[in-house]
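One structure is given here, and the rest of the page talks about it.
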Amino acid sequence: MEKTWRWFGKKDKITLNMLKQIGVEGIVTALHDIPNGEVWSLEAIADMKQYIESAGLRWSVVESLPVSESIKYAGQDRDKLIDSYIISLANLGRAGIKTICYNFMPVLDWARTDLEYKWSDGSSSLYFDKIKFAYFELYVLQRKDAKNDYTVEEQSLAKKMKETITEEEKDKLIDAIIVKTQGFVNGNIKENDKNPVAIFKNLLALYKGIDREKLRQNLMYFLEKIMPVCDEYGIDMCIHPDDPPRSLLGLPRIVTNETDIEWLLKAVDNPHNGLTFCAGSLSADSQNNVPVLAKKFVSRTKFVHLRSTNIMPNGDFIEASHLEGRANLIEVVRIFEKENPSLPMRIDHGRLMLDDADKGYNAGYSFHGRMLGLAQMDGVMATVRNEIKKQLI
Ligand code: DNO
C-alpha cells in the first residue's frame, strides 16, 4: 500500500521534509482554511498540490471535504450546499486529486473523553470513558432522553462523578469532547468559540426528528447528486465509519458495522461510492471482526486507516498499539496488500511520546507516536510482500 500521512497544511509543525525522511510517499490533507460549505477553488487546490509536489510528495487523498450539517439533516439550503460540494469535487478532479474521504456523522465528527490518558511508560493516548461521557450528557448538556442510553448503575456512577468532579476537570472534559477533537477537522466548534456548550446544544436541536432511516435517506440523496461528477472525473468518494461505531447523544449513526456498510454500498451501487476502511473505528464495536470486514469490502475500499483499539469490560475503549488490539492489523494489511496493493493507507492516531508532548499537535496526531506506528506497519507490509512473492499466502 502507499504510505501516506495526514498533514494539516503549511502551518503544520510537522514539515513535508520531515515526512520525506521517514519514508512517507503521499499526503492526506484538506484546505483547512476554507470554511465548511464554501467552494474549494481550482487555484487554491493547485497551490496546495504544487506545494506538496515541490517536496517530492503526492497529494494522494483529501481528508476531508466536509459535508455541512444541513446536508445531513436535510435543511433548506442543502441543495445549494450540494451544488458547492459538486463544484469543489469538479475542481479536485480537474487537478487530478481523486480520492475523497468524508463522513456523515451528525454534529460530532468523532468522540473521545481523554486526550492524554497516561500509560505506565509515560506516553499517553486517546481514551473513551463511558461514564465520563454519560456525565457529560446527563449533567453538562442535560439532554432530555440521555438516561435511556445508560443502565441504572452507569447513571449512578455518572451522578457520583458530578459530585466529585472539579471545575477544571469539567472544562477539560468539555474541551476534549466538543472542542479539541472537532476544530481541526473543520468541525462545528473552534478553539476560540465562546460558550461551546450552548453552540453544541443548538446543533443537536437541528437533528430533532432525524432518525436512522431519515439520515440514511439524506446520505443516499447526497450520494445520488454527487455521483455524476464522480463518474465524470473518476473520483472515489470514501465514507469514514462512525467513531465510535454506535449512536451517541441520541443521534443516529449509520456506518458502524457490516450491515450498515452493505446497505450503503448497495443503496448507491456505483464503484465511486466507496469506503475509508478505518480499522480503528470499526474495532471499537465488540461485534465487529475487522479482518472479516476487510476481506468482504476490499473491492469498494479506496483508502485505509491503520489503527487499533481495545475494549474494556465496562464499555470504555483505548487506542491500542498498532501491532495489538482488536483490529488485528497484521491480518488487515495481509488482505489489502494481497488484494489491492495500490491503496493509500495512513497511520491513524499515535501515542504522545518522547518530545511530542509540548508541541501542541492536534489530538491523536503526534509525530513520534505516528512515526512508530508507521515503522511497525511498514515492517508488516514488507513481510507480507515477501510472503506474497514467495507465494506463501
Ligand atoms: C479523527 C479522524 C476523523 C476523520 C473524519 C473523516 O481522527 O479519523 O476526523 O478524519 O471523520 O471525515
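Which residues, counting only those in the range 366-381, are open to solvent by less than 10 Å² (accessible area, probe 1.4 Å) and within 16 Å of M345 (Cβ to Cβ)?
Passing the criteria: R370, G373, L374, M377, M381.
Return the total of residues in the range 222-258 being away from the ligand (no atom under 16 Å from the Cβ), exposed (fewer than 15 other Cβ atoms within 10 Å of the Cβ) and either under 21 Å from V290 (Cα atoms) or not acidic (D, E) (or both).
Qualifying residue count for the region: 2.
Is it the case that A176 is without any contact (Cβ under 8 Å) to a residue 40 or more places away in the chain, over 30 Å from A95 (Cβ atoms) and open to solvent by less than 70 Å² (accessible area, probe 1.4 Å)?
Against the criterion (without any contact (Cβ under 8 Å) to a residue 40 or more places away in the chain, over 30 Å from A95 (Cβ atoms) and open to solvent by less than 70 Å² (accessible area, probe 1.4 Å)), A176 does not qualify.
Per-residue answers, yes or no, for (1) open to solvent by less than 10 Å² (accessible area, probe 1.4 Å); (2) out of contact with any Phe, Trp or Tyr (no Cβ under 8 Å at 6 or more places or on another chain); (3) without any contact (Cβ under 8 Å) to a residue 24 or more places away in the chain:
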position	(1), (2), (3)
D260	yes, yes, yes
A267	no, yes, no
C278	yes, yes, no
D285	no, yes, no
G315	no, yes, no
H322	no, yes, no
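Could we say that D358 is closer than 25 Å to G187 by Cβ, open to solvent by 10 Å² or more (accessible area, probe 1.4 Å) and either out of contact with any His (no Cβ under 6 Å at 6 or more places or on another chain) or within 13 Å of the ligand (Cβ to nearest atom) (or both) here?
yes
Consider R212 carefully, then state whether it is within 16 Å of the ligand (Cβ to nearest atom) and open to solvent by 40 Å² or more (accessible area, probe 1.4 Å).
no
Just need a number here: residues in the range 11-35 that are more than 15 Å from the ligand (Cβ to nearest atom), under 25 Å from L343 (Cα atoms) and either modelled with pLDDT under 95 or open to solvent by 30 Å² or more (accessible area, probe 1.4 Å) (or both).
7
Take the conditions surrounded by fewer than 16 Cβ atoms within 10 Å (Cβ to Cβ), free of Cβ contacts under 8 Å to residues at least 60 places away in the same chain and in a helix (DSSP H, G or I) and apply them to N192. Does it pass?
Spelling it out, it is not the case that N192 is surrounded by fewer than 16 Cβ atoms within 10 Å (Cβ to Cβ), free of Cβ contacts under 8 Å to residues at least 60 places away in the same chain and in a helix (DSSP H, G or I).
Within the range 142-176, which residues are among the basic types (K, R) and not in a helix (DSSP H, G or I)?
R143, K144
Any residue that is under 21 Å from A363 (Cα atoms) and modelled with pLDDT of 95 or more - is there at least one of those in the range 45-62?
yes
I'd like to check something: does the range 36-56 contain any residue that is within 16 Å of the ligand (Cβ to nearest atom), in the same structural domain as G379 (by TED's automatic domain parsing) and within 16 Å of K302 (Cα to Cα)?
no
Out of the residues in the range 99-121 that are among the charged types (D, E, K, R), in a strand (DSSP E or B) and in contact (Cβ under 8 Å) with a residue 40 or more places away in the chain, state the one that is nearest to F317 (Cα to Cα).
Looking at the filtered set, the residue picked out is D114.
Among the residues of the range 36-66, write down those that are on the phi < 0 side of the Ramachandran plot, open to solvent by less than 70 Å² (accessible area, probe 1.4 Å) and part of a loop (DSSP other than H, G, I, E, B).
Listed by number, the residues that qualify are N36, V39, W40, S41, A55, L57, S64, L65, P66.
The values are calculated or read from the model by the stated rules, or taken from the named source; none is laboratory data. For clarity, every value in this text was computed on a predicted model and none was experimentally measured. No Cβ is skipped: glycine too gets one built from the backbone with ideal geometry, and neighbour counts run over all protein chains shown. With ligands, DNA and RNA removed, areas are computed over all heavy atoms of the protein, side chains included. Shrake-Rupley method; radii C 1.70, N 1.55, O 1.52, S 1.80 Å.
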